[in-house]
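The values are calculated or read from the model by the stated rules, or taken from the named source; none is laboratory data. Here the structure is a predicted model, which is why all the values come from computation and not from measurement. Neighbour counts run over all protein chains shown; Cβ positions are idealised from the backbone, glycine included.
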Amino acid sequence: MIHGRIGSEVKASDIKSQFDKAIESNVDIITLDIETFGGDVYEGKAILGFMDKAKTLGITIRTEVFSYAYSMGAAIFQGATKGQRFIGEFADLMNHQAISEVNGNADDMRMAAEVLDDITKNLAFVILRNDKAKENESEIMAALKTEKFINAEDAIRLGLADGFIEKAKAVAHYNKNKFSNMNFKAILEKLTSIESKFKNEAPAGAPAIVNESVETKEGSKIYFSGTMEVGTAVFSDEAMATPLADGVYTTDMNVVEVASGLVTVITDVQADNSAETIAALQAEVEALKAEKETLAAAKLAAENKVTTIESEINEVRNMVVTMSKPDRNDKQDDKDLPKWKVDMINRKKYELS
């Protein structure tokens, strides 16, 4: 996988290690997933060398670009086995002339230009190895000089890619080398051990298998394997050799009906108490309703009492106001009035002044 800048994020030495491991494993195909803006030319050429070495050993090299492969990455993409360059529908490629930073005099500059031209020619050779690409050399080289981005459809048209990446498929690959040193005797013994577990026959030297069991209220035990449900085979002994007799058995959780050694009906014990539970809940609801009505009546009585008290307060307030008013029809002088009334009249006069 080449994801990142070649030479810094992706080292040729790392790719070599991956290729070496693949070759040691006798693989038939190596797929190189490429997603890079490019990078160091010499690191990239080293990777192309590893790819060519693998091809000489009969290994198919497949290259894939799901997103982008620019500069040296686009050149590496071309290093696949013939017919094995695949590109994503929305991916693109971009090649350009070799670039370098050079300091020096005119001779240094001319020498650097010659080196860059040689590198560009070398990369062009890699790009144009495909026959179809050679037919479109002028268009490809024009794109290289202008650093044009080439979409997937044009890449296939120009011979820079062999086709679109297909949607994932399940493919079985047989590699006879992988089975050359396999211990088939050990595999057979392992399969026999697994089979014996299903038959409830413990392998030699292995601990005895303990089956599931549940006690009944009738004082017996029901033995079974896995989960007890309708259709489960049930037995009366731990070895599960004797089918359970026909009948109805009650456990803490279920009522189990058995016929011909199989569970025919299984009922949740808690379900039998559902009617009683519902009745108890309904009674609780009715009690709460009654309590609510009692509280509502008490609230109403309290509100009525408050209304009565407020009415009485208003009556007393009116009496006080009436008593505080001077009787204008009374011709008596103030001196003949009671002292409290004289004080009240004086206070009123003061407030009005």
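Here Lys21 fulfils each of the conditions (1) more than 33 Å from the chain's Cα centre (by Cα); (2) without any contact (Cβ under 8 Å) to a residue 12 or more places away in the chain apart from (1). Contact map, segment 198-226: residues that are outside the structural domain of Val258 (by TED's automatic domain parsing) and farther than 22 Å from Val258 by Cα paired with residues that are part of a helix (DSSP H, G or I) and at pLDDT below 85, Cβ distance under 6 Å, separation 6+ or inter-chain. Pairs shown: Pro203/Ser193; Pro203/Ser196. Do we find that Lys82 is of a type in the set (Lys, Arg) and more than 22 Å from Ala152 (Cα to Cα) in this structure? So Lys82 fails the test. Restricting the search to strands (runs of 3 or more DSSP E) fully inside segment 146-235 and requiring at least 3 residues that are over 30 Å from Val65 (Cβ atoms) and modelled with pLDDT of 85 or more gives 212-215, 221-224.
Applying the condition of being within 12 Å of Tyr223 (Cα to Cα) and among the hydrophobic types (A, V, I, L, M, F, W, C) to segment 246-268 and asking which residue is surrounded by the most Cβ atoms within 10 Å (Cβ to Cβ) yields Val263.
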